[in-house]
1. Counting just the residues of region 206-229 that are of a type in the set (G, A, S) and in a loop (DSSP other than H, G, I, E, B), which one comes out surrounded by the most Cβ atoms within 10 Å (Cβ to Cβ)?
2. Output the residue which, of all residues in region 91-125 that are of a type in the set (D, E) and more than 16 Å from D323 (Cβ to Cβ), is surrounded by the most Cβ atoms within 10 Å (Cβ to Cβ).
3. Do we find that G380 is within 26 Å of Y333 (Cα to Cα), in contact with a Pro (Cβ under 8 Å, 6 or more places away or on another chain) and not hydroxyl-bearing (S, T, Y) in this structure?
4. Hey, which of the helices (runs of 4 or more DSSP H) in region 245-301, taking only ones fully inside, have at least 2 residues that are more than 14 Å from K191 (Cα to Cα)?
5. Output yes when any residue across region 106-123 is outside any loop (DSSP other than H, G, I, E, B), in contact (Cβ under 8 Å) with a residue 12 or more places away in the chain and within 22 Å of the chain's Cα centre (by Cα), and no when none is.
6. What number goes with the only condition from (1) out of contact with any strand residue (DSSP E or B) (no Cβ under 6 Å at 6 or more places or on another chain); (2) in a loop (DSSP other than H, G, I, E, B); (3) within 18 Å of N290 (Cβ to Cβ); (4) at pLDDT 95 or above that E202 does not pass?
7. Sort through A87, A129 and tell me the only one that's at pLDDT 95 or above, under 28 Å from M260 (Cα atoms) and in contact with a strand residue (DSSP E or B) (Cβ under 9 Å, 6 or more places away or on another chain).
8. Condition check: over 20 Å from the mean Cα position of the chain (by Cα), buried (at least 17 other Cβ atoms within 10 Å of the Cβ) and of a type in the set (V, I, T). Does I439 satisfy that?
Amino acid sequence: MKWLKRVLVLLLLVVGYIYFTQIPKLNIISGYASKYMATSVYYSGHSLDHINSHDNNVPLIKLASTVIDEKTHSSSADVFGLMNRTAVYKEGIGSLLVQDQISEINSLVAPDRTFDSSPLPYPHGQGAALDTLLSNVDYDALEKAIATAFENNDIQKTRSVLVLYKGYLLGERYSDPYTKDTPILGWSMTKSIVATLYGILEHRGLLSVSDPLSIDSWKSDERSKLTINHLLRMQSGLEWSEDYGGISDVTKMLFLSSDMGAVQAEKKLIAQPTEIWNYSSGTSNLLSKNLKSYFDSQQAYIDFMYTDFADQIGMNSLLVEQDGSGSYVGSSYGWASTRDWGRFGQLYLQKGMWNGKALFDSSWVDYISTPTEHSEGGYGAHFWLNAGGVYPNVPKDLYSANGHDGQFVYVIPSKELVVVRTGLSEGSVYNADLLLSEIIKSIEY
């Protein structure tokens, strides 16, 4: 009997361990699978089979079984029949992981957009790119440089590469089924869009990055000293864990929270501002939520992303998804075509000028590209930098919008270059230094 009791106790401990440590992971896995599927199918136009075979065919996420419902524009996923999660797609809003009812998304407002129809050649309008041959460009070498990103593509998994030089489209390449018009999730490249919105508001004199955030719960404690600048530079000192391998602050925020900006706002200080650099997607969503304080209505806040930014530069394909509170998920959920990501880079190369109009001051580029203390020259203000030489064969004035799975918009002012690379791999698998250095060689012909 004693032996049996010990076995039962051990079994209960094992079951308890699994329940409290592994079951929540299933919730996140099914949430990721269903949300990514919904937007991929209903916005990017991919098939369920394509996403299951590629984007969702990654460790842990591939454990999910996903179905779509054309009638409700929804996607549902579970893991071994457990933790079913449903995401619903709505035009202008994106997909939302619903908690109780599919109708939850109907409370969110869609932006009122005026899509750019300018006949100017790409990237400054919606017209065809100019077929221009520049004497200092070795086009054969350029094509070979671009091709390096597609070699062994079952491993590199590059989806697109686009090169703009002095505002001219020098070259682009796509892997099937992606085209110049396919919206691609930029993941954390969206953070750089959030920064841009602050740059636009500062240019209009509506804020300064030295201003404190408008958060009521902070007014009576030491967090009241935190400024927009502290958050843009990821040096607020707020507690945060950016670990995608398990249950952490970031995964709970993205797949379990309906008010993502509030998650970071609830965190305590673990260091004084500027003492440490700590990358935090929660910080970006808090900045997204804080933007509401500059507008008189929810509709005005939702519209601003588009009417005063995307529609100004012709990013017609841009969609930044909302959370359940109606805030933009500025950390992660910005979708745009490769060409429109290229427009974003070109705006920065032109220091905020677009067709004769300044969206933000030229000094804003200096601000976002100035290294942040303790980042080892790798981070500015919601943009990544090469000041520390992470790309040894590329000019150190490079700065970029970076996203999970190898999404990049590189801006190299000294070479008048913008390069976009999207894909499903990063790190040592995709050799950014080789791609960029070979492209630069081709224009120094």
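1. Applying the first criterion (of a type in the set (G, A, S)) to region 206-229 yields 208, 210, 214, 217, 220, 224.
Now narrow it down to the ones that are in a loop (DSSP other than H, G, I, E, B): 208, 210, 214, 220.
Values: S208: 12, S210: 10, S214: 14, S220: 8.
Taking the candidates together, the pick is S214.
2. Here is the first cut: in region 91-125, the residues of a type in the set (D, E) are 91, 100, 104, 112, 116.
After this cut, where a residue has to be more than 16 Å from D323 (Cβ to Cβ) as well, the list is 91, 112, 116.
Numbers: E91: 10, D112: 12, D116: 18.
The extreme case among them is D116.
3. Values: within 26 Å of Y333 (Cα to Cα): yes; in contact with a Pro (Cβ under 8 Å, 6 or more places away or on another chain): yes; not hydroxyl-bearing (S, T, Y): yes.
When the stated conditions are applied, G380 passes them.
4. Details: elements: 249-256, 260-265, 281-290.
Hits in region 245-301: 249-256, 260-265.
5. Step one: filter region 106-123 for residues outside any loop (DSSP other than H, G, I, E, B), giving 106-107, 121.
Applying the additional criterion that residues be in contact (Cβ under 8 Å) with a residue 12 or more places away in the chain yields 106-107.
After this cut, where a residue has to be within 22 Å of the chain's Cα centre (by Cα) as well, the list is none.
No; the residues of region 106-123 include none that is outside any loop (DSSP other than H, G, I, E, B), in contact (Cβ under 8 Å) with a residue 12 or more places away in the chain and within 22 Å of the chain's Cα centre (by Cα).
6. (2)
7. Working: A129 fails: under 28 Å from M260 (Cα atoms).
Just a single option satisfies the conditions, and that option is A87.
8. Values: over 20 Å from the mean Cα position of the chain (by Cα): yes; buried (at least 17 other Cβ atoms within 10 Å of the Cβ): yes; of a type in the set (V, I, T): yes.
Here the answer is yes, as I439 does meet what is asked.
The values are calculated or read from the model by the stated rules, or taken from the named source; none is laboratory data. What you see is a predicted model; the values in this text were computed from it and never measured. Heads up, the Cβs are rebuilt from the backbone with ideal geometry, glycines too, and the neighbour counts pull from every protein chain shown.
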